[in-house]
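Here the structure is laid out as structure tokens; the discussion comes afterwards.
The values are calculated or read from the model by the stated rules, or taken from the named source; none is laboratory data. What you are looking at is a predicted structure, and each value in this text was computed from that prediction instead of being measured. Neighbour counts are summed over all protein chains in view; Cβ atoms, including those assigned to glycine, are modelled from backbone coordinates with ideal geometry.
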Amino acid sequence: MDRKQKPPKNITLLPAPEFITAVQNRKVQLIDIRTPPEYDAKHIRGAINIDLSCFDSFIEAFEKIEKTRPLYLYCETGRKTEKVVKLFSKMGFESICHLERGIKGI
């Protein structure tokens, strides 16, 4: 039987309404990990674009982000953030939230 591994306790998957409320009402670090053209076409107000497809500069950018402040991430469909949140947990981020179904789910 194939068991899905549970994410670390500092990682939370949020549905769109909760995610939007949280980023509007709290001081969080909101990061869009899509490409610049995707970001330009549609993004959540206040989001910073850090392109996952340029992995070396992506990791370098995240090394400069505050690890103690909540980190809110989203991509197009939620698949990319689902993969990278564990990496961010290992990098020492204390609180990581990602958008269920990505920006398409809004």
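Computed quantities for the displayed model
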read-out	value
Which numbered condition Ile106 misses (of (1) at pLDDT 95 or above; (2) in contact with a helix residue (DSSP H, G or I) (Cβ under 6 Å, 6 or more places away or on another chain); (3) aliphatic (A, V, I, L, M))	(1)
Residues that are assigned to a helix (DSSP H, G or I) and charged (D, E, K, R), drawn from the range 74-87	Arg79, Lys80, Glu82, Lys83, Lys86
Qualifying residues in the range 56-77 (those that are touching a residue at least 40 places away in the same chain (Cβ under 8 Å) and of a type outside the set (A, V, I, L, M, F, W, C)) - the one surrounded by the most Cβ atoms within 10 Å (Cβ to Cβ)	Tyr74
Extreme residue, farthest from Cys97 (Cα to Cα), among residues of the range 37-53 that are surrounded by 13 or more Cβ atoms within 10 Å (Cβ to Cβ) and not aliphatic (A, V, I, L, M)	Glu38
Whichever residue in the range 88-101 is over 11 Å from the mean Cα position of the chain (by Cα) and not in a loop (DSSP other than H, G, I, E, B) and, among such residues, is farthest from Gln24 (Cα to Cα)	Lys90
Subset of the range 43-81 [among the polar types (S, T, N, Q), farther than 12 Å from Leu30 by Cα and within 12 Å of the chain's Cα centre (by Cα)]	Thr77, Thr81
Count - residues of the range 8-24 that are part of a strand (DSSP E or B) and at pLDDT below 95	0
